[in-house]
Amino acid sequence: MNRKPKILIVDDKPENLFALRKVLKDLDIELIEATSGNDALKATLVHDFALALLDIQMPEMDGYELAGILREEEKTAHLPFIFISAVY
């Protein structure tokens with residue numbers, strides 16, 4: 001069974017998720033999207049991710065806080081992540 005690596009993309013703005021989908025569309029991966037830190041944490045309960053792309057500016061829980069929580073959990077302690085931002 002050849003399973004595609006899963007990448008979690010987290011951003012509160014639909015237009016940013018759309019842009020990320022377009023950039024990553026040619027890769028042989030499965031994308032899982034979350035629009036908040038809480039949704040991202042829920043996704044980690046049911047998926048094993050190879051990488052997470054985290055927006056640094058989200059309401060309630062920003063990407064930095066989300067990354068800190070991911071580091072504290074055994075399942076995601078070694079999950080690589082990349083911080084992203086639409087701010088110039």
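Before moving on, here are some points about what is shown:
- Positions within region 5-40 being more than 17 Å from PRO80 (Cβ to Cβ) and touching a residue at least 24 places away in the same chain (Cβ under 8 Å), in sequence order: ASP11, ASP12, LYS13, ASN16, ASP28, GLU33, THR35, SER36, GLY37, ASP39
Residue-wise test of (1) hydrophobic (A, V, I, L, M, F, W, C); (2) at pLDDT below 95.
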residue: SER36; (1), (2): no, no
residue: ALA52; (1), (2): yes, no
residue: ASP55; (1), (2): no, no
residue: GLU60; (1), (2): no, yes
residue: ARG71; (1), (2): no, no
residue: HIS78; (1), (2): no, no
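- Residues in region 61-83 that are open to solvent by less than 40 Å² (accessible area, probe 1.4 Å), in a loop (DSSP other than H, G, I, E, B) and either within 21 Å of LYS13 (Cβ to Cβ) or among the aromatic types (Phe, Trp, Tyr) (or both): MET61 alone.
- Annotation: MET58 fulfils all but one of (1) part of a strand (DSSP E or B); (2) out of contact with any Phe, Trp or Tyr (no Cβ under 8 Å at 6 or more places or on another chain); the unmet one is (1).
- The residue list LEU41, LEU24, LEU31, LEU54 contains one member that is open to solvent by 20 Å² or more (accessible area, probe 1.4 Å), touching a strand residue (DSSP E or B) at 6+ places or on another chain (Cβ under 6 Å) and of a type in the set (A, V, I, L, M, F, W, C), which is LEU31.
- The residues of region 48-70 that are free of Cβ contacts under 8 Å to residues at least 24 places away in the same chain and either touching a helix residue (DSSP H, G or I) at 6+ places or on another chain (Cβ under 7 Å) or closer than 24 Å to ILE29 by Cα (or both) amount to a single one, ALA67.
- Scanning region 7-49 for residues that are under 10 Å from the mean Cα position of the chain (by Cα) and not in a helix (DSSP H, G or I) returns ILE7, LEU8, ILE9, VAL10, ASP11, LEU31, ILE32, GLU33, ALA34, THR35, SER36, PHE49.
The values are calculated or read from the model by the stated rules, or taken from the named source; none is laboratory data. This structure is a prediction, so every number in the text was calculated from the model and none was measured. Because the Cβ atoms are built from the backbone with ideal geometry, glycine has one as well, and the counts that use them run over all protein chains shown. Note: areas computed on protein heavy atoms with side chains; ligands, DNA, RNA excluded. Shrake-Rupley method; radii C 1.70, N 1.55, O 1.52, S 1.80 Å.
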